[in-house]
Amino acid sequence: VTATVRLVQPPVTAFQGRRAGVVTRTAVAVIDATVVLTAVLVAYGFAIAVIFLWSPRQFRIPSPRFFVFLLVAGGLLTLYLTVCWTITGRTYGDRVLAVRVVDRRGDVLSLGTASLRAIFCVLVPLGLFWTAINRHNRSLQDVLLRTSVIYDWDVASPQPISTSAGGEHGQADRAPTDVAPRALDAEHSD
Amino acid sequence: VQLRGKDFADALVRSGLGVVRAGLHRLDPVEQLARQAVTAAADAVVPAVVAEIVARMDLTRLVQENVDLDVLAEGIDVDAIADRLDLLRLARYVVDGIDLPEIIRESSHGVTSDAVRRVRTQAIDADQAVARVVDRLLLRHAGSAAANPVAP
């Protein structure tokens, strides 16, 4: 039997397709929050420049309330997470830390699940730390929506190789789409 | 080698004929006539003969075996040659031939991917460490399910 698998670095093969821990996921959250915050600040600077060019004489630096800032940043973060999880299953932070958000079957999230998860993540960010306590490394959002964040190092090695299934490293060598469904189903049954 | 051989033959013939012509001025008319006939014959025959001889010789090997090239090289004034060269133009030509942006891109990509790989593995190690601490705190002696192999 021949299957297409991807080359994964030896130290990581043992973790490929398994749920990511709290440290990795916190790092992902920090990176994504930084990306969105940067986008908001750039947009703010752009808005200031446009207002200045529109009427330089009456120009005053707009200072939105903190509540408005939080609303805009939260909305943008929700949109960003929803789009990324729906299309590729990865945000920028996920790409950097090589993890992927999948549903209980190991597939990319549907639009509904992704948007619900994004809203839940933005409203209850502390739910992430349930990952440290949960036996299966699942956050509050994961438990409620039956989603998972798995290690997926394929982003680090873009060149796919073709080899026979169940090679030297056995299960761990397989792509996460091969590993995740059975693994996740098995754990959801408990 | 053949071209160089012909040049060599031509030079040899020209110098030989020069010597013969110089000697003709000191001879009487009859002898001069005879000499001119010989010279004409030599003009026709000698170049062809010499060219044939040189064409059959391996001049490169001849030079390699009989000429001390190191001694010749010592006599060459390299600085004078370098002074005549447009080194800046030469350097620009060499740089144009090398795809420097691609080399820089490749090396920086290698450094970046190494750094990212290190961060990822350290994060996984930290995940494991936290899981172990929490397991110990919650008295989970079997260890967390996420840390064990998940596939059958």
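The values are calculated or read from the model by the stated rules, or taken from the named source; none is laboratory data. Predicted, not measured: the structure shown is a model, and the values here were computed from it. So basically every Cβ, Gly included, is an ideal-geometry build from the backbone, and we count neighbours across all protein chains shown.
Out of region B:120-137, which residues are more than 7 Å from every other protein chain (Cβ to nearest Cβ) and over 14 Å from A:Thr131 (Cα atoms)?
Those that are more than 7 Å from every other protein chain (Cβ to nearest Cβ) and over 14 Å from A:Thr131 (Cα atoms): B:Gln122, B:Asp125, B:Arg136, B:Leu137.
In region A:69-101, what residues are of a type in the set (A, V, I, L, M) and touching a Leu at 6+ places or on another chain (Cβ under 7 Å)?
Answer for region A:69-101, where residues must be of a type in the set (A, V, I, L, M) and touching a Leu at 6+ places or on another chain (Cβ under 7 Å): A:Ala73, A:Val101.
Does any residue of region A:70-80 turn out to be within 12 Å of chain B (Cβ to nearest Cβ), surrounded by fewer than 18 Cβ atoms within 10 Å (Cβ to Cβ) and more than 18 Å from B:Ile124 (Cα to Cα)?
First, the residues of region A:70-80 that are within 12 Å of chain B (Cβ to nearest Cβ): none.
No, region A:70-80 contains no residue that is within 12 Å of chain B (Cβ to nearest Cβ), surrounded by fewer than 18 Cβ atoms within 10 Å (Cβ to Cβ) and more than 18 Å from B:Ile124 (Cα to Cα).
Hey, among A:Arg60, A:Arg100, which residue is surrounded by fewer than 19 Cβ atoms within 10 Å (Cβ to Cβ) and of a type in the set (Lys, Arg)?
On the way: A:Arg100 fails: surrounded by fewer than 19 Cβ atoms within 10 Å (Cβ to Cβ).
A:Arg60 is the lone residue from the list that is surrounded by fewer than 19 Cβ atoms within 10 Å (Cβ to Cβ) and of a type in the set (Lys, Arg).
Against the conditions (1) touching a Cys at 6+ places or on another chain (Cβ under 8 Å); (2) more than 14 Å from chain B (Cβ to nearest Cβ), where does A:Asp94 fall short? Just the number, please.
Unmet for A:Asp94, out of (1) touching a Cys at 6+ places or on another chain (Cβ under 8 Å); (2) more than 14 Å from chain B (Cβ to nearest Cβ): (2).
Looking for something part of a loop (DSSP other than H, G, I, E, B), at pLDDT 90 or above and either within 10 Å of chain B (Cβ to nearest Cβ) or farther than 21 Å from B:Asp127 by Cα (or both) - is there at least one such residue anywhere in region A:172-190?
no
Quickly run through region A:97-121 and pick out the residues that are farther than 14 Å from A:Ser148 by Cβ and within 14 Å of chain B (Cβ to nearest Cβ).
A:Leu97, A:Ala98 - these are the residues of region A:97-121 that are farther than 14 Å from A:Ser148 by Cβ and within 14 Å of chain B (Cβ to nearest Cβ).
Only one residue in B:Val49, B:Val78, B:Val95 is away from chain A (no Cβ under 11 Å) and at pLDDT below 85, so which one is that?
It is B:Val95.
Considering only region A:108-120, how many residues are part of a loop (DSSP other than H, G, I, E, B) and more than 24 Å from B:Ala123 (Cα to Cα)?
2
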